[in-house]
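Have a look at the structure below, then the notes.
Nothing in this text is a laboratory measurement; each read-out follows from the coordinates by a stated rule. As the structure is a computational prediction, the values presented were derived from the model and not from experiment. Please note: Cβ atoms are built from the backbone with ideal geometry, for glycine as well, and neighbour counts cover all protein chains shown.
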Amino acid sequence: MINDFIVKMNNALEREYAAGIQYIQHAAVLNGVYTAYAPEILVHADEEFGHAKKLSDHINYLGGIPAALSAPSFSASDNARMLQQDLTGENEAIAIYKELIAMARAANDYGSELILMEILTDEQDHANFLETILQVVK
């Protein structure tokens with residue numbers, strides 16, 4: 001159980017690295033009215049790297065070795081496409097964290113559950129923000 005959990009935590013860690021990189025790149029290339037959202041996108045990047053730090057520390061605590069590579073990140077030249085890429089990533093992260101939380105609960109690992117719930121809350125906030133932007137600028 002613990003090995004599967006650590007593998008899935010490392011997958012989430014790699015995705016956090018990728019999300020931070022992707023948000024930084026997207027914030028830099030947004031244009032037109034979308035530039036108003038760049039500061040909040042950069043906050044999301046910082047939060048994703050904060051998640052990576054929490055996951056790294058916790059993976060180490062559980063006896064694993066934290067991943068050092070990033071999952072793929074995505075870019076586009078179209079504002080709406082970039083934000084949709086970000087939203088897709090957030091929705092995928094939400095699903096992953098729900099799965100990890102279920103695994104932690106099944107193992108009565110309340111410490112892991114708490115850390116994962118905090119990250120999930122941020123990911124849901126990010127998704128809500130992106131959904132709102134995509135609806136407003138249509």
Practice problem: Could you look through the stretch 1-34, keep only residues that are without any contact (Cβ under 8 Å) to a residue 60 or more places away in the chain and not in a helix (DSSP H, G or I), and pick out the one that is nearest to His58 (Cα to Cα)? | Solution: Leu30
Quiz prompt | Flag if Ala104 is in contact with a Gly (Cβ under 9 Å, 6 or more places away or on another chain), in contact (Cβ under 8 Å) with a residue 60 or more places away in the chain and in a helix (DSSP H, G or I) | solution = yes
Quiz item: So which residues in the stretch 35-45 are touching a residue at least 24 places away in the same chain (Cβ under 8 Å) and either out of contact with any helix residue (DSSP H, G or I) (no Cβ under 6 Å at 6 or more places or on another chain) or at positive phi (or both), if there are any at all?
Solution: Glu40
Quiz item: Do the conditions hold for Ile115, that is, is it in contact with a His (Cβ under 7 Å, 6 or more places away or on another chain), surrounded by 20 or more Cβ atoms within 10 Å (Cβ to Cβ) and farther than 15 Å from Ala18 by Cβ?
Solution: yes
